[in-house]
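Engineer: Got a structure for you, written out below as structure tokens; questions coming shortly.
The values are calculated or read from the model by the stated rules, or taken from the named source; none is laboratory data. Since the structure is predicted, the reported quantities are computational estimates derived from the model, not experimental observations. Every residue, glycine among them, receives a Cβ derived from its backbone with ideal geometry; neighbour counts consider all protein chains shown. Heads up: the accessible areas ignore ligands, DNA and RNA and are worked out on the full protein's heavy atoms, side chains in. Shrake-Rupley method; radii C 1.70, N 1.55, O 1.52, S 1.80 Å.
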Amino acid sequence: MKVAAYAIALNEVRFVERFMASAREADLVVVADTGSTDGTAAALDREGAVVHHITISPWRFDDARNAALALVPADVDVCVVLDLDEVLSPGWRASLDAEWGDATRGRFSFVWSHHPDGSPALTYHHDRIHARRGYRWRQPCHETLYPDRIEERYCELSLVAHHWPDADKPRSQYLPL
């Protein structure tokens, strides 16, 4: 089974090393850089990611994710969707290989926030691991993955992803979306 991790990025150089250490278990890491000016694309390239420069105007997260998905080679079987401020637990690939079966989409634990001591706080199930074909992103913000002309088959994965967001990054620009 060939697995690719894919992401969109904008000015996230401070997360590159940690992100790539986590994503490296994939056969391929594809990142669609949407206009970084802080060296994100060059840092990703140095770490081994396949970086593409894209422009989405007017901005929509779903359009950016669909563009990134289109850059994943056709011979990939499974896609793992991450943001650069997210990391997967070590050994995630072995779990994916053992548990995927004939699924088209995987559900896993996602730690969205952490207590001050680093322990998990808000945790929920996420389902952003999917078959390469048969999916599209929709909605301009808080984009959601939808099946497209396929019958979904879910599997429950034992892997865990952690979100470590940049608290200084402004979010107000998303309000018009």
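Engineer: Taking the stretch 154-177 only, how many residues are farther than 24 Å from PRO116 by Cα and surrounded by 14 or more Cβ atoms within 10 Å (Cβ to Cβ)?
Structural biologist: Number of matching residues: 4.
Engineer: For residues in the stretch 15-26 being in contact with a helix residue (DSSP H, G or I) (Cβ under 9 Å, 6 or more places away or on another chain) and surrounded by 16 or more Cβ atoms within 10 Å (Cβ to Cβ), which is nearest to PRO73 (Cα to Cα)?
Structural biologist: Among those residues, the one meeting the criterion is ALA26.
Engineer: Which one of these does LEU145 not meet: (1) open to solvent by less than 30 Å² (accessible area, probe 1.4 Å); (2) closer than 16 Å to VAL3 by Cα; (3) aliphatic (A, V, I, L, M)?
Structural biologist: For LEU145, the failing item is (2).
Engineer: A further question on this structure: For the stretch 36-76, give me each residue that is of a type in the set (A, V, I, L, M) and either more than 17 Å from the chain's Cα centre (by Cα) or open to solvent by 70 Å² or more (accessible area, probe 1.4 Å) (or both).
Structural biologist: Within the stretch 36-76, ALA42, ALA43, ILE56, ALA70, ALA74 meet the criteria.
Engineer: Just one of ASP166, ASP117 is outside any strand (DSSP E or B), touching a residue at least 60 places away in the same chain (Cβ under 8 Å) and of a type in the set (D, E, K, R); which is it?
Structural biologist: Checking each option against the conditions leaves just ASP166.
Engineer: Hey, another quick one. Has the stretch 90-106 got any residue that is in a loop (DSSP other than H, G, I, E, B), within 18 Å of TYR174 (Cβ to Cβ), modelled with pLDDT of 95 or more and of a type outside the set (A, V, I, L, M)?
Structural biologist: There is no residue in the stretch 90-106 that is in a loop (DSSP other than H, G, I, E, B), within 18 Å of TYR174 (Cβ to Cβ), modelled with pLDDT of 95 or more and of a type outside the set (A, V, I, L, M).
Engineer: Next question. State all residues of the stretch 120-177 that are within 26 Å of ASP97 (Cβ to Cβ) and of a type in the set (Phe, Trp, Tyr); if no residue qualifies, say none.
Structural biologist: Listed by number, the residues that qualify are TYR124, TYR135, TRP137, TYR146, TYR154, TRP164.
Listed here are the residues, each with its yes/no results for (1) surrounded by 13 or more Cβ atoms within 10 Å (Cβ to Cβ); (2) over 16 Å from the mean Cα position of the chain (by Cα); (3) more than 30 Å from PRO176 (Cβ to Cβ).
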site	(1), (2), (3)
LEU88	yes, no, yes
GLU99	yes, yes, yes
SER113	no, yes, no
SER119	no, yes, yes
LEU122	no, yes, no
ALA131	yes, no, yes
PRO140	yes, yes, no
